[in-house]
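Q: Pasting in a structure now, in structure tokens, and then I'll have a few things to ask.
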Amino acid sequence: MTRKYWMAAAFLAGMAAGGLLMTLAGRSGKRASAPAEEKGEPGPASRIRMDPAAQRNIGLLFEQAQWKLVRQTIQATGIVAPNESRLAHVRPLARGRIEKVFVRLGDRVRAGQTLLIYDNVELGEVIGQYLSAVAALDRANAEAQVTKRSLERAKTLVDIGALARAELDRRNAEYTNSLASIESQRADVAKVEEKLHRFGLSEEDVAGLNPREGAGSHREASHSRLKAPFDGIVIQYNAAEGETFGPDDVIFAVADLSTAWILADVYEKDVAAIHPGQEASILVDAYPGEVFRGRITNVSAFLDPKTRTAKVRCEVANPDGRLKLEMFATVQLPTPAGRQALMVPSGALQQVGDRTLVFVPAGEDEFEPRYVRTGARSDGWVEIAAGLKEGERVATHGSFFLKSTLLRSEIGGEE
């Protein structure tokens, strides 16, 4: 009994599977025209209908397929890079130790903004030299006052015959030497002041070091600041509090990304067709369908010996920073050469699955969905390699609503 039961169950399962296969075969038969569709034959269903009032409500517009000039375009791959004319490598002016860091990698900074404070070892030494020079100048001034008074007394004594003329001459020579010493010390002070200015100290800062002016602590003055040279983004960062560095160390790199460079590789056979000043269209995957306009600013004077390509630099405006460094980009470079092609506006194309179709009017309220094969694109128009003839009208604005009607009719038909 049990064996008969299982045999019956197996028979029924086989029948059900056979029925399912027949059903699938029947449904696949409805798609038997797919190979023809790829050649631009009529679309997946018979004509669809939309009354004129509905057409007016959706603002349906039409355009004829027509011959247009398609510019030959060179396409190259590249990456987004910083504009090196607006890329600053920020280094310290002297040896020092980092005390405080105010920014991090990726921060946006303003011109003159303090990036870090460090204890400037060499500046401290120069401040010491300055204080010594100022002290020496003070001593020279004091000595000059003494020799001046001595000379004045000698003149009085010589007048009354109480002092020899030779002593007067000696004291006059001492006073002259003291004045020369003052000038020498002033030159030394000025030389050290110039060093202080090169470290970024202003006149007021230097005056604050002078003991004669009631100076504050010179220890604070040896603390220097690294500042941003212009508005930009910190793209390199090598700083940690307590770390020591020298003038050869790059602490920060600040890039102004309001303009960006696209560095693309163009094959040797295409190099003759491009030149600086030529316009370029840049596409990136992050913003599908959006075109960034740029201009070629440099074509490399040599080829990469391995890839046989020349590096081409395009400059593109990037005021909102949407183009990120190291993004992959496709660069399209139009050339003077061109050809005629049958074209329709890009708005006429609708995607159904992995195929492209257009809607051709077949009367006042009927439309024929028709698969097409596309080619080049140019200025909002698309080449039709197969599926349309010159002069045939296609729906443009509002064709998406026709696609929705088509999909609803197909779903209703399968039910």
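Each reported figure results from applying straightforward, stated rules to the coordinates on display, with no laboratory input. The shown structure was predicted, so the numbers you read here are calculated from the model rather than taken from an experiment. Neighbour counts are summed over all protein chains in view; Cβ atoms, including those assigned to glycine, are modelled from backbone coordinates with ideal geometry.
Q: Note down the magnitude of the dipole of the chain about its Cα centre, charges +1 on Lys and Arg C-beta and -1 on Asp and Glu C-beta and zero elsewhere, to the nearest 20 debye.
A: The dipole magnitude comes to about 1020 debye.
Q: On to the next question. Using all C-alpha to C-alpha distances in the chain, build P(r) with 20 Å bins and read off the rounded percent in each one.
A: 17, 25, 23, 17, 10, 5, 2, 0, 0
Q: Here's something else I'd like to know. Pick from T147, T244, T309: which is most flexible by mean-square fluctuation in a GNM of the chain where alpha carbon atoms under 10 Å apart are linked?
A: Looking only at T147, T244, T309, the largest GNM fluctuation is found for T147.
Q: Same structure, new question: Suppose a student asked you for the relative contact order of the chain, using Cα pairs under 8 Å spaced at least 6 residues apart; what percent would you report?
A: Contact order relative to length: 29 percent.
Q: How do the peptides 384-394, 292-302 rank, highest first, by the average count of neighbouring beta carbon atoms within 10 Å per residue?
A: 384-394, 292-302
Q: With everything on Cα atoms, drop me the angle between helix 121-159 and the longest principal axis of the chain, reported from 0 to 90° to the nearest 10.
A: Tilt of helix 121-159: around 30 degrees.
Q: Taking θ = phi - 60°, what integer Hz values does the Karplus form 6.51 cos²θ - 1.76 cosθ + 1.60 yield along segment 178-191, in sequence order, with x for Gly and Pro?
A: Computed from phi, the couplings for segment 178-191 are 5, 5, 5, 5, 4, 5, 5, 5, 5, 4, 5, 5, 4, 5 Hz.
Q: In whole percent, what relative contact order does segment 87-245 give with Cα contacts below 8 Å and a gap of six or more residues?
A: Computed value for segment 87-245: 46 percent relative contact order.
Q: As I understand it, the value is the acute angle between the Cα axis of helix 399-414 and the longest principal axis of the Cα atoms of the chain; what does it come to in degrees, rounded to 10?
A: Approximately 40 degrees, to the nearest 10.
Q: Also: Sorted by mean Cβ packing within 10 Å, highest first, what order do the peptides 133-143, 151-161 take?
A: Result, highest mean first: 133-143, 151-161.
Q: After finding the eigenvalues of the alpha carbon gyration tensor for segment 87-245, what semi-axes result from the square roots of 5 times each, listed largest first in whole Å?
A: The answer is 52, 12, 11 Å, longest axis first.
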